[in-house]
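Below is one structure, written out as structure tokens; the observations come after it.
The values are calculated or read from the model by the stated rules, or taken from the named source; none is laboratory data. Please read all numbers here as calculations on a predicted model, not as lab measurements. Here the Cβ is made from the backbone with ideal geometry for all residues, glycine too, and neighbour counts use every protein chain on show.
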Amino acid sequence: MAELEVARQTLPNDSRIFELTGYIQRRQGRWEESTRNLERAIDLDPRNFFTLQQIGISYGVLRRYAEETSVFDRALAIDPNDVNTKVALAAIQFHWKADTGPLHRAIDSIQTTNPEALPNVANDWLSCALAERDVAAAKNALNAFGEIPLTDYAVHVNRPLMEGVIARLTKDEGTARAAFMAARAEQEKAVRSEPNYGPPLCVLGLIDASLGRKEEALREGRRAVELLPVEKDSINGPLMIEYLAMIAAWAGDKDLACEQLAIAIRPPSTVSYGQLKLLPFWDPLRGDPRFDKIVASLAPK
């Protein structure tokens with residue numbers, strides 16, 4: 001930031017200075033200043049595709065969905081064939097209004113016209129399939145990943161864990177348990193390689209919760225929050241709280257799940273109305289009035 005301030009003296013209208021300042025402030029949790037600087041960068045360099053994508057991400061976690069829509073429309077006017085932006089635009093309706101229709105149609109279109117691009121959008125494809133409880137589509141989406149890990153910002157969810165989730169959708173407990181056991185063996189290696197990093201540990205917590213290892217799961221989830229607090233990373237820190245809520249839900253601790261989820265939804269947040277309303281990860285909490293109240297609080301006004 002000190003170097004950028006020096007640069008600003010001689011380059012007062014250089015968009016890159018505002019852009020880099022905005023990215024740093026975003027990681028520091030200074031969202032208002034960050035967004036203002038990214039908007040200034042766009043004013044100075046209105047056809048910068050990457051900056052448009054990035055400010056779209058900021059608008060999304062701030063739940064400024066109308067502005068997110070506008071900025072992705074602008075990006076597509078520059079590059080109409082960018083599949084990531086097409087899908088990101090379609091996914092807004094899923095997050096904002098729990099409407100999977102536009103996302104479903106966007107994925108169908110890519111399957112028909114540009115199937116080699118499917119690995120790039122497999123995350124959203126899988127979310128859409130799970131939200132619609134379409135097991136066949138979920139399996140196809142999982143197969144599309146290839147070697148690309150399933151990512152949720154800094155969290156990398158391993159493939160067997162998702163295979164277990166899909167098996168549970170069909171009430172196939174034997175297949176689910178075998179998948180979760182395989183997922184645990186794989187995830188333990190990830191935790192060993194980064195023992196002091198929260199994201200691998202929160203995935204292990206989810207797996208342990210799915211295997212009924214409640215105490216281990218909650219310990220791992222809480223440790224992940226300690227290792228990557230909000231103060232250290234304003235995007236992935238809140239994500240650790242969301243995953244602790246999910247771990248608690250899977251482990252049957254609804255009190256802790258609802259308590260943590262109430263914290264995780266405070267903007268800026270990667271938790272959306274569509275995710276809570278439709279994704280099976282939150283099924284253990286459905287019907288709990290505290291959870292229903294949280295979901296209702298995020299519904300479009």
Worksheet item: Going by the conditions given, is residue 157 in the same structural domain as residue 228 (by TED's automatic domain parsing), closer than 23 Å to residue 245 by Cβ and touching a strand residue (DSSP E or B) at 6+ places or on another chain (Cβ under 8 Å)?
Response: yes
Fill in: Criterion: at positive phi and without any contact (Cβ under 8 Å) to a residue 40 or more places away in the chain - qualifying residue of 221, 252, 174
252
Worksheet entry | Spans of helices (runs of 4 or more DSSP H) in the range 92-197 with at least 3 residues of a type outside the set (D, E, K, R) and surrounded by fewer than 19 Cβ atoms within 10 Å (Cβ to Cβ) | 101-113, 135-144, 173-193
Worksheet item: So is residue 88 touching a residue at least 24 places away in the same chain (Cβ under 8 Å), assigned to a helix (DSSP H, G or I) and within 15 Å of residue 272 (Cα to Cα) or not?
Response: yes
Worksheet item: Which of the residues belonging to the range 1-58 are of a type in the set (A, V, I, L, M) and buried (at least 19 other Cβ atoms within 10 Å of the Cβ)?
Response: 17, 38, 41, 42, 52, 55
Discussion item. Can you find a residue that is among the hydroxyl-bearing types (Ser, Thr, Tyr) and closer than 30 Å to residue 23 by Cα anywhere in the range 243-254?
Written reply: yes
Practice prompt. Examine the range 164-186 for a residue that is modelled with pLDDT of 95 or more, under 24 Å from residue 277 (Cα atoms), among the small types (Gly, Ala, Ser) and under 20 Å from the mean Cα position of the chain (by Cα), and state whether such a residue exists.
Written response: yes
Worksheet item: Are there any pairs, at least 6 apart or on different chains, whose C-beta atoms fall under 6 Å, with the first in the range 31-43 and of a type in the set (Val, Ile, Thr) and the second part of a helix (DSSP H, G or I), and if so, which?
Response: 35/58; 42/51
Worksheet entry | Flag for residue 4 being over 20 Å from the mean Cα position of the chain (by Cα), in a helix (DSSP H, G or I) and either more than 28 Å from residue 140 (Cβ to Cβ) or free of Cβ contacts under 8 Å to residues at least 12 places away in the same chain (or both) | yes
Worksheet item: Are any residues in the range 198-208 under 20 Å from the mean Cα position of the chain (by Cα) and either not in a helix (DSSP H, G or I) or not β-branched (Val, Ile, Thr) (or both), and if so, which ones?
Response: 198, 199, 200, 201, 202, 204, 205, 206
Worksheet item: Within the set of pairs 6 or more residues apart or between chains, which connect a residue that is outside any helix (DSSP H, G or I) inside the range 51-74 to a residue that is modelled with pLDDT of 95 or more and among the small types (Gly, Ala, Ser) with Cβ atoms less than 8 Å apart?
Response: 63/272
Worksheet item: So which of 40, 74, 63 is modelled with pLDDT of 95 or more and at positive phi?
Response: 63
